[in-house]
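The values are calculated or read from the model by the stated rules, or taken from the named source; none is laboratory data. Worth saying up front: this structure is predicted, and the values here are computed from it rather than measured. For the accessible areas, the whole protein counts, side chains as well, though only heavy atoms, and no ligand, DNA or RNA atoms are used. Shrake-Rupley method; radii C 1.70, N 1.55, O 1.52, S 1.80 Å.
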Amino acid sequence: MRKPVKYRIAFLIVAAACFYVGTLFLPETLPDIILSFESIWANAQWRNTLLVTLAYFVFLPALYYFWIIQIGNQALWKLLLVFSLSSLVARYNYPEKLAYYFEFITYLKYPIIAVLMVIEILLLVTIVKALWGARKLSGDPRIHMLEQYEGDNIYEKGSKEAKKLELALMFAHEPASWYYAIPRFSRNHVPAIANLHLWSAQWWHVSLVCVVLVVATYASYLAIALWSETVAIVVATLVFYLIVMFIANYRVSKHYSVYLTKDKLMVNNSWWGMTVISLSNIKQVETGSWTAASTQEQFHFGRGNANVKLTFVSEQKYYSGLATFIEPMDTLYLSVDDPSALRGICQPQQHAE
């Protein structure tokens, strides 16, 4: 596992722990005191509130900056996500005397709901059009978004075009998930030239995930229904809706993890990560054996030892987390079931050079 991925997982664990522990330490009410550091520190309720506030609004943003933005080479504006989440938690967990100052979060819900409704309507139109067109598509809808928005040196021209591509790929995952989840829609898909060794390609994996999603759907409804039945229904529906993506994850991992479309090599690291490599950008293809320990800080797709190594002419982009993370790579290790077939596809390009 590469360093940026480790730190992302570590941050999620630390953030969840901070929010959970914070709810335990926060008092229900705060006594009236003279606001000074000495009086706040001398009072247990105020002291706990101060420590939780520092954890929410200083410690977690700082941790996100160093662990996600710096190590993962992400945009600085994503710090707003942490501050927004901390403000939301503070609004519903802080004592009433302080929760009042985070009331703006509740006022924001109306424009947010309006924006989400517009997005959902546009998304619904996109889904219907994409599903109807999927009858004749011979490839991943996400590739069409890349071909439409991505150009030469898009990330050097400015953030506007890069953000367009990122947003387009995020939206493309929705129709693409239906495209892969329903076999009839992907019946014209080009065949794979090799398959990555992935747990998600196993039938027991998708079965277990479906069971967990059903349990999580029921549990989320029960947990939220006491507060708001409407919200509980919405959340439970969204949780259960993930089953479409996980079925797509299974079918992509099993049937379409590595394939050639036109002059590009598509590599799906399960459903959650992808890279589209132009054959002209492949400098060298090597087959052999590279241990997982030797490639843990490199891009390594598939379980076990890698048996294919791709070296690129110029920096290649890897889209992970449904295209929410975009990372550069100059070398890619793969663990596939047929390394010779992959080498045979890419080798003629090397000879042509």
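Sorted by accessible area with a 1.4 angstrom probe, largest first, how do TRP204, TRP227, TRP178 fall?
From most accessible down to least: TRP227, TRP204, TRP178.
What are the residues whose amide H is under 5 Å from the amide H of SER278, where those residues sit 5 or more places off or on another chain and H is modelled from the backbone?
Hits under the 5 Å cutoff: LEU265.
Give me, ordered by chain and number, the residues 5 or more places off VAL313 or on other chains with an amide H under 5 Å from its own placed amide H.
Sorted by chain and number, the residues that satisfy this are ILE282, LYS283.
Determine the shape class of region 221-353: with a ≥ b ≥ c the square roots of the Cα gyration tensor eigenvalues, call it rounded for a/c under 1.5, and otherwise prolate if a/b is greater than b/c, oblate otherwise. Display every interim value, and only then the final one.
Numbers: a/c = 2.69, a/b = 2.51, b/c = 1.07.
Verdict is prolate for region 221-353.
Heavy atoms only, probe 1.4 Å: what % of the accessible area of region 157-270 goes to carbon and sulfur, would you let me know?
Numbers: 4180 of 5980 Å².
That fraction is 70 percent.
Taking one equal scatterer on every alpha-carbon of region 16-76, how large is log10 of I(q)/I(0) by Debye at q = 0.13, 0.14 1/Å?
Values returned for q = 0.13, 0.14 Å⁻¹ are -0.46, -0.51.
Sorting MET245, MET170, MET266, MET145 by accessible area (1.4 Å probe), largest first, what list results?
Correct descending sequence by accessible area is MET170, MET145, MET245, MET266.
At 1.4 Å probe size, put TRP199, TRP290, TRP272 in order of accessible surface, largest to smallest.
Most to least solvent-accessible, the answer reads TRP199, TRP272, TRP290.
How much of the accessible area of region 17-77, in percent, comes from carbon and sulfur atoms when a 1.4 Å probe is used?
69
Just list whichever of LYS262/LYS317; LYS78/LYS317; LYS254/LYS309 have alpha carbons separated by over 27 Å in the model shown.
Details: LYS262/LYS317 19 Å; LYS78/LYS317 19 Å; LYS254/LYS309 21 Å.
Checking Cα-Cα distances, every pair stays at or under 27 Å.
With every protein chain left in place and a probe of 1.4 Å, what is the accessible surface of GLU38, to the nearest 10 Å²?
About 130 Å², ignoring ligands and nucleic acids.
Would you kindly find the accessible area of HIS300, with a 1.4 Å probe and non-protein molecules such as ligands, DNA and RNA excluded, rounding to the nearest 10 Å²?
Solvent-accessible area, nearest 10 Å²: 40 Å².
Based on alpha-carbon centroids, what's the gap between region 24-84 and region 227-279 in Å, whole number please?
Taking the Cα centre of each part, region 24-84 and region 227-279 sit 35 Å apart.
Per residue of region 45-56, in order, report the coupling 6.51 cos²θ - 1.76 cosθ + 1.60 (Karplus, θ = phi - 60°) as ³J(HN,Hα) in whole Hz, putting x for Gly and Pro.
5, 5, 5, 5, 5, 4, 5, 5, 4, 4, 5, 6
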